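**Student:** Supplied in structure tokens, the structure appears directly below.
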Amino acid sequence: MTEFGKELSLRKTPIPGLMVFDLPVHGDSRGWFKENWQREKMTALGLPDFGPVQNNVSFNDAVGTTRGIHAEPWDKWISVASGKIFAAWVDLRDGPSFGTAFSLELDASVAVFVPRGVGNSYQTLEVDTSYTYLVNDHWSPEAAYSFLNLEDESVAVPWPIPLTQAEVSQKDRAHPRLADVKPVPPRKTLVLGAGGQLGKALRQTFGDAAYMEYATRADLDVSASDLSNARRWRDYDVIINAAAFTAVDAAESPDGRKEAWSANAAGVSNLAAIAAANGITLVHISSDYVFDGGSSRPYREDDAICPLGVYGQSKAAGDLAVATVPRHYIVRTGWVFGDGPNFVATMRSLADRGVSPHVVSDQFGRPTFAGDLSQAIAHLLRSGAPTGVYNVTNSGDVVSWVDIAR
């Protein structure tokens with residue numbers, strides 16, 4: 001019998017990200033009612049806001065029906081509408097928990113969140129069992145699955161009905177043992193602006209793993225009208241947007257104004273829409289030019305933006321678009337120096353040629369090394385820091401452009 005009157009609660013499991021929820025079921029002799037998925041209450045307990053887009057039901061009329069261990073390229077929220085099942089999960093993701101198994105019985109009072117890449121299977125324990133699940137992607141012929149043999153000795157799932165007596169498809173019986181399973185890689189991370197100073201530093205920080213992708217404007221134009229079709233975006237977990245039109249003075253010209261708004265505002269708005277629709281974390285590199293420069297102290301994250309010029313206005317517009325994405329980091333910085341054209345390189349070139357330049361003395365900031373900025377971005381992502389706005393520069397004294405030139 002289904003247990004009535006539980007409190008909504010979360011149980012952790014040995015598989016990272018696999019969560020078991022006890023559900024309140026209200027019932028009597030007439031039947032029962034439950035909130036099978038409740039976004040606000042469950043995310044408050046720790047359920048990822050996974051954005052389901054499809055609801056499926058699997059009906060099984062016989063006891064012992066056993067489905068194979070399948071790791072799918074999406075997250076799932078599974079539960080039982082009628083009957084009872086024995087469910088088993090095996091972590092098939094690349095990492096230290098690969099091969100970890102967990103199992104339990106599910107009735108209507110229990111639901112489980114299954115993260116992408118964790119193999120899921122079940123065996124019916126009662127007749128007329130209905131197994132339901134929400135997923136956060138639509139089925140696609142390009143979707144990549146991983147499979148594990150139900151009888152794998154290293155995992156040793158304790159099936160209550162021996163598989164020799166269970167109803168199992170020939171396809172599921174033929175799946176590979178754990179030693180032959182290729183681990184499921186993480187969802188992809190895309191770095192835009194890969195040819196710039198920060199883009200090069202990000203490559204040094206994140207490396208060239210198979211799930212890392214680096215793109216220049218020639219590879220991917222974010223202002224293109226067909227951007228939504230440029231990739232299978234559900235395969236991506238993070239986009240780091242280090243691409244921008246950064247010619248501050250040129251942005252005041254008619255052609256520069258168009259380019260600045262196209263790259264810094266319209267293109268970023270396109271990215272924001274894609275990130276929001278596909279559950280992607282969007283990291284957007286912004287600028288101190290979103291402020292008017294009138295403060296006598298360093299700007300805080302909660303200071304009002306009030307840009308003066310076209311460049312700053314276009315960057316501020318991009319920031320506002322990114323802020324609509326549920327999972328976003330807006331990283332404001334300034335005076336970035338790295339591998340590429342920059343103020344330091346220009347001053348060094350002039351010095352080498354014996355040229356004494358005239359440099360403004362009324363602009364102040366902190367030089368920021370691209371490598372340190374890329375490490376800060378990696379820290380935000382790897383630590384799971386709260387999403388939002390971060391103002392990031394190197395430490396040290398506030399200096400003027402004249403100080404740096406000297």
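The values are calculated or read from the model by the stated rules, or taken from the named source; none is laboratory data. The structure presented is a predicted model; accordingly, all values stated were derived computationally and were not measured. Every residue, glycine among them, receives a Cβ derived from its backbone with ideal geometry; neighbour counts consider all protein chains shown. What goes into the accessible areas is simple: the full protein's heavy atoms, side chains included, and nothing from ligands, DNA or RNA. Shrake-Rupley method; radii C 1.70, N 1.55, O 1.52, S 1.80 Å.
**Student:** Can you classify the stretch 175-274 as rounded, prolate or oblate using the Cα gyration tensor, where a ≥ b ≥ c are the square roots of its eigenvalues, rounded means a/c under 1.5, and otherwise it's prolate if a/b beats b/c and oblate if not? All intermediate terms of the calculation are to be shown ahead of the outcome.
**Tutor:** Numbers: a/c = 4.12, a/b = 2.12, b/c = 1.95.
Prolate, since a/c reaches 1.5 and a/b exceeds b/c.
**Student:** Any of LYS188/LYS258; LYS84/LYS171; LYS41/LYS76 with alpha carbons more than 26 Å apart? Name them for me. Each step should come with its number before you reach the end.
**Tutor:** Working: LYS188/LYS258 31 Å; LYS84/LYS171 24 Å; LYS41/LYS76 18 Å.
Over 26 Å Cα-Cα: LYS188/LYS258.
**Student:** Taking the Cα atoms only, what angle lies between the long axis of helix 370-383 and the longest principal axis of the chain, rounded to 10 degrees?
**Tutor:** 20
**Student:** When a/c is below 1.5 the answer is rounded, else prolate if a/b is larger than b/c, else oblate, so apply that to the stretch 1-109 with a ≥ b ≥ c taken from the square roots of the Cα gyration tensor eigenvalues.
**Tutor:** Working: a/c = 1.78, a/b = 1.29, b/c = 1.38.
Oblate, since a/c reaches 1.5 and b/c is not below a/b.
**Student:** While we're here: For the chain, what is the calculated [θ] at 222 nm in deg cm²/dmol (nearest 500), taking -39500 (n - 2.57) for each run of four or more DSSP H residues and dividing by its residue count? Working shown, then result.
**Tutor:** Details: 9 runs with 83 residues, N = 406.
Helix-only estimate at 222 nm: -6000 deg cm²/dmol.
**Student:** Largest first, what is the accessible-area ranking of GLU126, GLU72 with a 1.4 Å probe?
**Tutor:** Working: GLU126 75, GLU72 35 Å².
Correct descending sequence by accessible area is GLU126, GLU72.
**Student:** Among LYS315, LYS182, what's the order by accessible area (1.4 angstrom probe), most exposed first? The partial results should precede the final answer.
**Tutor:** Values: LYS315 5, LYS182 165 Å².
In descending accessible area the options line up as LYS182, LYS315.
**Student:** Now, a different point. Measure out, as a whole number of angstrom, how far apart the alpha-carbon centroids of the stretch 43-89 and the stretch 205-246 sit.
**Tutor:** About 32 Å separates the Cα centre of the stretch 43-89 from the one of the stretch 205-246.
**Student:** Here's another thing I want to ask about it. Could you compute the net charge surrounding PRO307? Neighbours are other residues with a C-beta less than 14 Å from the C-beta of PRO307; K and R count +1, D and E count -1. The partial results should precede the final answer.
**Tutor:** Details: positive: ARG257, LYS315, ARG332; negative: GLU252, ASP288, ASP292, ASP303, ASP319.
Once all neighbours under 14 Å are counted, the net charge is -2.
**Student:** Measure nothing fancy, just the Cα-based angle from helix 197-206's long axis to the longest principal axis of the chain, in degrees from 0 to 90, nearest 10.
**Tutor:** Computed tilt is about 30 degrees.
**Student:** Same structure again: Could you please state, rounded to a whole Å, how far the C-alpha centre of the stretch 358-406 is from the C-alpha centre of the stretch 153-175?
**Tutor:** Comparing the Cα centres of the stretch 358-406 and the stretch 153-175, I get a distance of 57 Å.
**Student:** How much of GLU252 can a 1.4 Å solvent probe reach, expressed as accessible area in Å² and rounded to 10?
**Tutor:** 90
**Student:** Let me ask you something else. Among rounded, prolate and oblate, which fits the chain when a ≥ b ≥ c are the square roots of the eigenvalues of its C-alpha gyration tensor, a/c under 1.5 means rounded, and a/b larger than b/c means prolate?
**Tutor:** Numbers: a/c = 2.92, a/b = 2.36, b/c = 1.24.
Since a/c reaches 1.5 and a/b is larger than b/c, the shape of the chain is classed as prolate.
**Student:** For helix 267-278, what angle does its Cα long axis make with the longest principal axis of the chain, in degrees from 0 to 90 and rounded to 10?
**Tutor:** Around 10 degrees separate the two axes.
**Student:** If you put +1 on each Lys and Arg Cβ and -1 on each Asp and Glu Cβ, how big is the dipole of the stretch 1-135 around its Cα centre, in Debye rounded to 20?
**Tutor:** Numbers: 12 positive and 16 negative charges, 40 e Å.
Value, rounded to 20: 200 debye.
**Student:** Same structure, new question: I'd like the accessible area for ASP249: 1.4 Å probe, protein heavy atoms, all chains in place, Å² to the nearest 10.
**Tutor:** Its heavy atoms expose roughly 130 Å² to the probe.
**Student:** What figure in square angstrom, to the nearest 10, would you give for the accessible area of PHE343 with a 1.4 Å probe?
**Tutor:** So the heavy atoms of PHE343 present about 50 Å² to solvent.
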